[in-house]
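The values are calculated or read from the model by the stated rules, or taken from the named source; none is laboratory data. As the structure is a computational prediction, the values presented were derived from the model and not from experiment. Using ideal geometry, Cβ is built from the backbone for each residue, glycine included, and neighbour counts are taken over all protein chains shown.
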């Protein structure tokens with residue numbers, strides 16, 4: 001019986017590994033549609049966010065799926081076989097290190113605390129993704145795929161693309177796992193959700209099609225609305241949609257990204273995307289933490305009310321009973 005259970009567990013693990021590899025490869029193909037450097041470096045790399053989410057939800061056992069997906073993605077676009085293997089190692093090691101750092105720091109995948117949001121930003125995105133960007137950019141330079149003068153621009157695109165994958169895709173997948181159909185939602189709630197979606201699309205399209213970079217700030221009231229009213233379930237999809245539309249505008253050199261070189265375009269794009277992700281993620285975490293504190297206070301108040309209701313007049317712990325012997329003998 002034990003042997004059969006072990007075989008079943010190994011079979012399930014293999015299926016999860018293959019599923020992670022397949023989804024990683026599919027997400028990579030979507031990301032490569034918006035490449036900016038040498039056909040393989042993009043301003044948003046969804047597979048990194050997917051890899052970290054898979055590790056957080058399924059555990060360290062699925063890391064071979066990340067490596068397999070990265071290999072299938074890079075084998076056809078890498079400069080040399082050796083360079084492909086090194087890039088795959090960097091792409092695998094980055095989310096694994098980010099996962100280990102988050103677990104060691106006590107990260108909770110519910111993202112219902114401000115602390116969890118900050119950990120995902122600084123440990124998961126900004127720190128962990130230094131590995132893949134540094135390894136990948138160095139390999140491309142040493143293999144002659146990019147010139148030494150283009151190293152830092154390649155590194156910046158790679159690092160910010162991986163970091164944005166964590167900041168935008170990982171929260172979306174984490175909240176998607178816990179999402180349930182709101183059976184008791186009022187019609188007004190559905191109307192508000194539709195209005196929020198339309199406003200987010202309209203504000204982002206207007207901001208990314210206008211040459212004035214100041215109009216990019218139009219999306220932030222919508223993000224605040226999503227975070228306050230729907231918490232992470234509204235803020236995460238909204239941030240993902242806004243960042244995607246901004247990247248499409250940047251790759252077409254439209255709106256505020258027109259007439260800019262690669263470095264200036266990346267600075268504008270990633271400053272906008274980073275601000276979008278931070279506002280959505282951290283504000284949603286703060287609101288969720290506040291709501292949880294409010295619910296805990298309500299639970300404590302209910303328990304106190306129940307305790308007071310169970311104290312009957314004349315019981316040993318009660319005071320001020322007008323019918324007590326002390327009053328009659330007074």
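Structural remarks
- Condition met for residue 196 (modelled with pLDDT of 90 or more and under 30 Å from residue 113 (Cβ atoms)): yes
- Qualifying residue in segment 183-190 (condition: part of a helix (DSSP H, G or I) and surrounded by 12 or more Cβ atoms within 10 Å (Cβ to Cβ)): yes
- Single match in 250, 226, 200, 246 (criterion: surrounded by 17 or more Cβ atoms within 10 Å (Cβ to Cβ), closer than 15 Å to residue 168 by Cβ and in contact (Cβ under 8 Å) with a residue 60 or more places away in the chain): 250
- Residues of segment 241-256 that are over 25 Å from the mean Cα position of the chain (by Cα) and in a helix (DSSP H, G or I): 255, 256.
- Any chance residue 262 is outside the structural domain of residue 50 (by TED's automatic domain parsing), in contact with a strand residue (DSSP E or B) (Cβ under 8 Å, 6 or more places away or on another chain) and either buried (at least 17 other Cβ atoms within 10 Å of the Cβ) or over 18 Å from residue 168 (Cα atoms) (or both): yes
- Some residue of segment 204-211 being out of contact with any helix residue (DSSP H, G or I) (no Cβ under 7 Å at 6 or more places or on another chain) and in a helix (DSSP H, G or I): no
- The C-beta contact set for segment 128-153 (first residue within 11 Å of residue 86 (Cβ to Cβ), second residue not in a helix (DSSP H, G or I), distance under 6 angstrom, 6+ apart or interchain) comprises 140/146; 143/79; 143/80.
- Test: residue 216 is part of a helix (DSSP H, G or I), outside the structural domain of residue 125 (by TED's automatic domain parsing), crowded, with 18+ Cβ neighbours inside 10 Å and more than 20 Å from the chain's Cα centre (by Cα): yes
- The condition of being at pLDDT below 90 and assigned to a helix (DSSP H, G or I) holds for only one of 149, 136, that being 149.
- Helices (runs of 4 or more DSSP H) within segment 1-117 that include 3 or more residues in the same structural domain as residue 231 (by TED's automatic domain parsing) and at pLDDT below 95: none
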